[in-house]
Amino acid sequence: MKVSFPRMGNSHCAFRWLLEALGHQVIVPPEISTRTLDLGVRYAPEFACMPFKVVMGTYLEVAEQGAELLITSGGVGPCRAGYYWVLHQQILEEQGYPTRIVAFDPPDCGWRDFWHKLAFVYRSGGVSLRRCLWALQVAWAKLKALDDLEARSLQVRAREVQRGATTRALRQAVATVDAAGSLPEVAEALAHGLRLLDGVDQDDRRECLRVGLTGEIYALLEPVASLSTQEILGHLGAEVERSMYVSRFAGRKGFGPPHAEVVRASRPYLGLECVGGHGVETVGMTVLWARKGFDGVVQVAPFGCTPEIVAKSILPRVSQEYGIPVMSLFFDEQTGPAGVYTRLEAFVDLLYARRRARRGEESRNGSLSRH
């Protein structure tokens, strides 16, 4: 069976390996391009968010290549993403593609349904349950390794001497993990990848900012969906800490609620925890980063994302009470990279200016205390 899936950051490496290990012929979704977005915009409802349109474009591209089965995630709660696959299926049928979509809802929504779909996937590939469990274990290790590499790159990029060196090292590290085919090989590939990133020539004397990056999961994980915001911040001299990774999200029991510490931090501002999407993380992580002394926070989300709009309305209060600057960026197909870069550059300049002002004030206060 020819199988494909949505593309989201580097996670396609692990998903491709998993499906091939389960006996399927995998059509790897192409890198998201202008054509991908154009297809999605053409056939998606106008009011749909950018992730819906990008994924729709990807589905159409792989359907053109003969994909018979598409595997994706579902969802529950106020966020509409859990229903997207239903509309994606309808649009594919309207365009004459006999492609079936299987959406995995969080296991807590129904373990029987989850295991029934999992059994369909591995049995249709002609492999045993034992083979499936082994493949899941290796694919999970790959996902975690890919996330660890990306997290390290967000720290290294801010101090790189040669622009783009971190991105090139990350690409090599990802390729090494992609080639791994067992747990020991994944561990070795991760160690090798971390050495590649740590070997990037860095200026240790460079003063860097600490910036938290939070928001909607697709905008965080797929660079195209946020016009490479995390890479731009790194090039501008900011060490970035991201609130969401694939393995850390899927690793929760049943794709469940955020970490208890995040929920507690958001509770004074969000009386309800069911705002949907990742609104709780956006508010809670902003509070936690402020407590850790971060210089600023950037929120990224698709235009019209209801949970992130709720969070955005609360962030100014968090910003004022904790004294941490917060900037929100919302994206759709009309968003231009030049405008995003200009806004991020101005935000980073503001953060540097605030740091210098604080140091000047501390210096003056120290001088007065000595006198």
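The values are calculated or read from the model by the stated rules, or taken from the named source; none is laboratory data. A quick note: this is a predicted structure, and the numbers were derived from the prediction, not measured. Glycine gets a Cβ as well: all are built from the backbone with ideal geometry, and neighbour counts include every protein chain shown.
Brief remarks follow.
- One residue stands out in region 6-51 among those that are touching a residue at least 60 places away in the same chain (Cβ under 8 Å) and among the aromatic types (Phe, Trp, Tyr): the one that is nearest to Ala250 (Cα to Cα), namely Phe15.
This table checks each residue for (1) in contact with a Lys or Arg (Cβ under 6 Å, 6 or more places away or on another chain); (2) assigned by TED's automatic domain parsing to the domain that holds Arg16; (3) of a type in the set (Phe, Trp, Tyr); (4) without any contact (Cβ under 8 Å) to a residue 40 or more places away in the chain.
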| residue | (1), (2), (3), (4) |
| --- | --- |
| Trp115 | no, yes, yes, yes |
| Ala141 | no, no, no, no |
| Gln162 | no, no, no, yes |
| Thr167 | no, no, no, no |
| Gln172 | no, no, no, yes |
| Glu188 | no, no, no, yes |
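- Of all residues making up region 95-113, the number that are farther than 18 Å from Ile27 by Cβ and touching a residue at least 40 places away in the same chain (Cβ under 8 Å): 4
- Within region 157-169, the residues that satisfy the criterion of being surrounded by fewer than 21 Cβ atoms within 10 Å (Cβ to Cβ) and assigned to a helix (DSSP H, G or I) are Arg159, Ala165, Thr167, Arg168.
- Picking from residues in region 129-156 that are more than 14 Å from Glu231 (Cα to Cα) and small (Gly, Ala, Ser), the one that is surrounded by the most Cβ atoms within 10 Å (Cβ to Cβ) is Ala145.
- Residues that are in a helix (DSSP H, G or I) and either on the phi > 0 side of the Ramachandran plot or free of Cβ contacts under 8 Å to residues at least 40 places away in the same chain (or both) within region 206-248 are absent altogether.
- Per-region count, region 18-62, residues in contact with a strand residue (DSSP E or B) (Cβ under 6 Å, 6 or more places away or on another chain) and within 15 Å of Tyr218 (Cα to Cα): 3
- Looking across region 94-111, just one residue is acidic (Asp, Glu) and assigned to a loop (DSSP other than H, G, I, E, B), and that is Asp105.
- Residue in region 341-353 that is under 21 Å from the mean Cα position of the chain (by Cα) and buried (at least 17 other Cβ atoms within 10 Å of the Cβ) present: yes
- Some residue of region 87-97 being under 19 Å from Phe15 (Cβ atoms), of a type in the set (D, E, K, R) and more than 23 Å from the chain's Cα centre (by Cα): no
- Which listed residue, of Leu213, Leu220, is out of contact with any helix residue (DSSP H, G or I) (no Cβ under 6 Å at 6 or more places or on another chain), buried (at least 22 other Cβ atoms within 10 Å of the Cβ) and in the same structural domain as Asp349 (by TED's automatic domain parsing): Leu220
Conditions (1) within 23 Å of Glu345 (Cα to Cα); (2) in the same structural domain as Val263 (by TED's automatic domain parsing); (3) within 18 Å of the chain's Cα centre (by Cα); (4) in contact (Cβ under 8 Å) with a residue 24 or more places away in the chain, marked per residue:
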position	(1), (2), (3), (4)
Gly284	no, yes, yes, yes
Arg291	no, yes, no, yes
Val297	yes, yes, yes, yes
Pro307	no, yes, yes, yes
Val310	no, yes, no, yes
Ile324	yes, yes, no, yes
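- Taking region 180-200 as the range and being surrounded by fewer than 19 Cβ atoms within 10 Å (Cβ to Cβ) and within 22 Å of the chain's Cα centre (by Cα) as the test, only Leu194 passes.
- Flag if Val177 is in contact (Cβ under 8 Å) with a residue 40 or more places away in the chain, part of a helix (DSSP H, G or I) and within 21 Å of the chain's Cα centre (by Cα): yes
- Selection from region 269-290 of residues that are among the aliphatic types (A, V, I, L, M) and not in a loop (DSSP other than H, G, I, E, B): Val280, Val283, Met285, Val287, Leu288, Ala290
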